Amino acid sequence: MIDTHCHLDSDRFQPDRDEVISRAFAAGVRGIVVPAIGPDRWERLLQWPRRLAQIQIGLGIHPQLLPELPESQDERHLARLDELLAQGGSSAVGECGLDGPSVPAGASMERQLRVLERHLELARRHGLPVLLHCLRAHKELIALLKRVPFPEAGVVMHSYSGGADQVRFYAGKGCHFSFAGPVTFEDARRPLDAARAVPADRLLLETDAPDQAPHPHRGGRSEPAYLPLIAAALARARGEEAGALAEATTRNALALFPALAR
Ligand SMILES: [Zn+2]
C-alpha cells in the first residue's frame, strides 16, 4: 500500500518520527508521499527522498496557509517553487488547492484561484502530478478545471470531499481520488458514496496523518500505519476484497509517483 498524503513533517511527529515510519512499513505501507504545506518546509523536505526512497515529497503552498503569508510575497514564493522543482527531487506539486473556510480568515477566493492556477502551470511545466486540496470550493474548482489545461501527469483529489455526482466530472478530466480516515467512520455516507463511484484505476489511499485518524483512533493522532483500516473500509464499501484493493491502489499510486517504485 502507498500512503499518498501524509504530513510526516508535522511537529506532531517530532517525538517519534522514526518509530512512526517503522510501524508504517511493518503494517504493509511500502511508500509515503509527504506534501509540503509552505515555503519554509521546501528545502528541508527535499532532503527526505535522498535519505529514504520510500518517502517522496510534493512542494506547494497549502491554501489554509495563505492567510499567514503576505499576498505581496506570492510571486516570489512561486518563482522559488519553480526553481526548486527544476532542480528535481520532488515527485509532485502540492499541497495546493482551494479552501472555502479560509476565505473569511483572509485568503480571498480570487487569490486562492490565482495561486492554484500557477501550481497547475508549474505541474505541467515540470511534468509532475498535483496533490490537490479542495474543501467547500468544488464549484470554483470545477470552473477552473474547465478553463485551464489539465496537468498531464495527473491530479489527485486528496481526501475527496465532493459528491458522487461530481466524481464523473473530475474523472472525465483525468483526476485520481484518494480517501482518508472518514471512510471508516460509522456515520460515513457521503465519502463512501463517492468512493463507490470512482473508477478502479483512479482510486488511491491516504491517511492525511496526523489529521483525520480512522476508527477506532478517531480524534487522536493519525499515522501511516493506520492505512490498512482505510483500505478495509473502502474495500467493504466497494464490495471488493481488501487485498485486491490494496494491490490496485498501489499500482495506481506507483504510476503517479514512479520514484516510489525505484
Ligand atoms: Zn494535506
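Observations on the structure shown:
- Peptide ranges 13-24, 207-218, 175-186 listed from the most packed, as the mean C-beta count within 10 angstrom indicates: 175-186, 207-218, 13-24
- Cβ-based net charge around A188, under 14 Å, with every Lys or Arg adding one and every Asp or Glu removing one: +3
- Gyration tensor verdict on the range 211-258 (Cα atoms; rounded if a/c is under 1.5, prolate if a/b is larger than b/c, oblate otherwise): oblate
- Taking the 1.4 Å solvent-accessible surface of the range 1-141 as the whole, the part contributed by carbon and sulfur is 49%.
- In the chain, the DSSP-assigned H stretches of four residues or longer account for a calculated mean residue ellipticity at 222 nm of -13000 deg cm²/dmol, using -39500 (n - 2.57) per stretch and the full residue count as denominator.
- The calculated P(r) of the chain, using every Cα pair and 5 Å bins from 0, goes 1, 6, 14, 19, 21, 18, 13, 6, 1, 0, 0 in percent.
- Averaged over its residues, the chain has an accessible area of 43 Å² per residue, based on protein heavy atoms and a 1.4 Å probe.
- Computed over the range 109-262, the percent of Cα pairs more than 28 Å apart is 19.
- Extension gain, K173 back to Q47 (0.36 nm per residue minus Cα-Cα distance, nm): 42.1 nm
The values are calculated or read from the model by the stated rules, or taken from the named source; none is laboratory data. Quick caveat: nothing in here was measured; it's all calculated off a predicted structure. With ideal geometry, Cβ positions are generated from the backbone for all residues, glycine too; neighbour counts draw on all protein chains shown. To get the accessible areas, we keep the full protein, side chains included, count just its heavy atoms, and leave off ligands, DNA and RNA. Shrake-Rupley method; radii C 1.70, N 1.55, O 1.52, S 1.80 Å.
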